[in-house]
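Bear in mind that the values in this text are calculations on the coordinates, not laboratory data. It should be emphasised that the depicted structure is a prediction, and the values quoted were computed from it without experimental measurement. Don't worry about glycine lacking a Cβ; one is built from the backbone with ideal geometry, like all the others, and counts go over all protein chains shown.
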Amino acid sequence: MTATVPARLPLDKKTKKQLVRGEKLGAAKRTKKRLTSRGATIAALIIAVLWTTPTFGLFISSIRPPEEILRNGWWTIFQNPGFTLNNYTEVLAAGNSTLNLAGAFINSIVITLPATIFPLVIASLAAYAFAWIPFPGRNWMFIGVFALQIVPLQMALVPLLSLFSRGLSIGNVEVFASLNASNAYSQVWIAHTIFALPLAIFLLHNFVSQIPGELIEAARVDGAGHGQIFFRIVLPLTMPAIASFAIFQFLWVWNDLLVALVFADGRVAPMTKLLAEITGSRGQDWNLLTAGAFISILVPLIVFFALQRYFVRGLLAGSTKG
């Protein structure tokens, strides 16, 4: 008795695409079934509602007149309707003698984008070097980078500020010149980059090191150098992890107040610093505080939803095979 071998029929491109799409959908359904359950879904919905309710209340309060905010709660909006956009126009014009909140909003964008891109570029290159380039002392250097994560941020603020203002000299040799830029963005860019590098290198190294070695060796056999391997193989494969850390770094820098108080002053102050001043001088003006707070969360929401699919892929990377 002979075994029957199914014949391989010729398929057109459309049929092949449909088969590939069906295989991907099947794999996605199996992965979803393994990672989700009805109880987890219900719990996630409850947490989402509880998490969103304060934000919704914040938005309702930001578009209500001041007298309505003081007279009754935001949950009575349907019983006591009243809407206005004056809160946003007033809070954007509020500030100090040097800067208003509208200018501080631009400063936050100018500070956050480079402070997110710089550490990601440096960390991705360093992660590739630690994972796939053998050099003397590599393991000890990586241990040193890992150990830097336990250094409290507050301990480095004063030495770093002294380094920026005075520079660094060993004997008569000037190693690092002072920036002399109290009203420039360079100080806060460098500070955020330094504070983000240890964690960024550690996380990206764990992701880059999981790339199959056969893939890297095959590229080397084909004559690819480190630059081609990094830009054509490693970088596309690590994009979910890079996007995931980019979201966290963007949120950390955007919501930062401590580093801004030390390194960003005057005309380059971010929005968090202006909001703190408004809170101190106008704590009774709830309408302005709610409008300013809602303005401050708009950009992080846009960034998160724009990179959400990469964020989810980065979290699930390595959790399933096949």
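Some observations on this one:
- Derived scalar couplings ³J(HN,Hα) [segment 185-194; Karplus, 6.51 cos²θ - 1.76 cosθ + 1.60; whole Hz; x for Gly, Pro]: 7, 4, 4, 6, 4, 5, 4, 5, 5, 4
- Additional length obtainable on full extension of the chain from L257 to A48, 0.36 nm per residue less Cα span: 72.6 nm
- Pairwise FRET efficiency - N80 versus A147, Cβ, R0 = 45 Å, nearest 0.05: 0.20
- Note on E217 and I122: with the Förster distance fixed at 25 Å, the Cβ-Cβ geometry gives a FRET efficiency of about 0.45.
- Within-12-Å neighbourhood charge of L99 [Cβ basis; K, R +1; D, E -1]: 0
- Charge tally around I233: other residues with Cβ under 14 Å, Lys/Arg +1 each, Asp/Glu -1 each, net -1.
- Within the shell defined by Cβ-Cβ distances under 11 Å, the residues around A224 carry a net charge of 0, with Lys and Arg each +1 and Asp and Glu each -1.
- Compared with the direct C-alpha span, the chain from M155 to A40 gains 37.3 nm at full extension, assuming 0.36 nm per residue.
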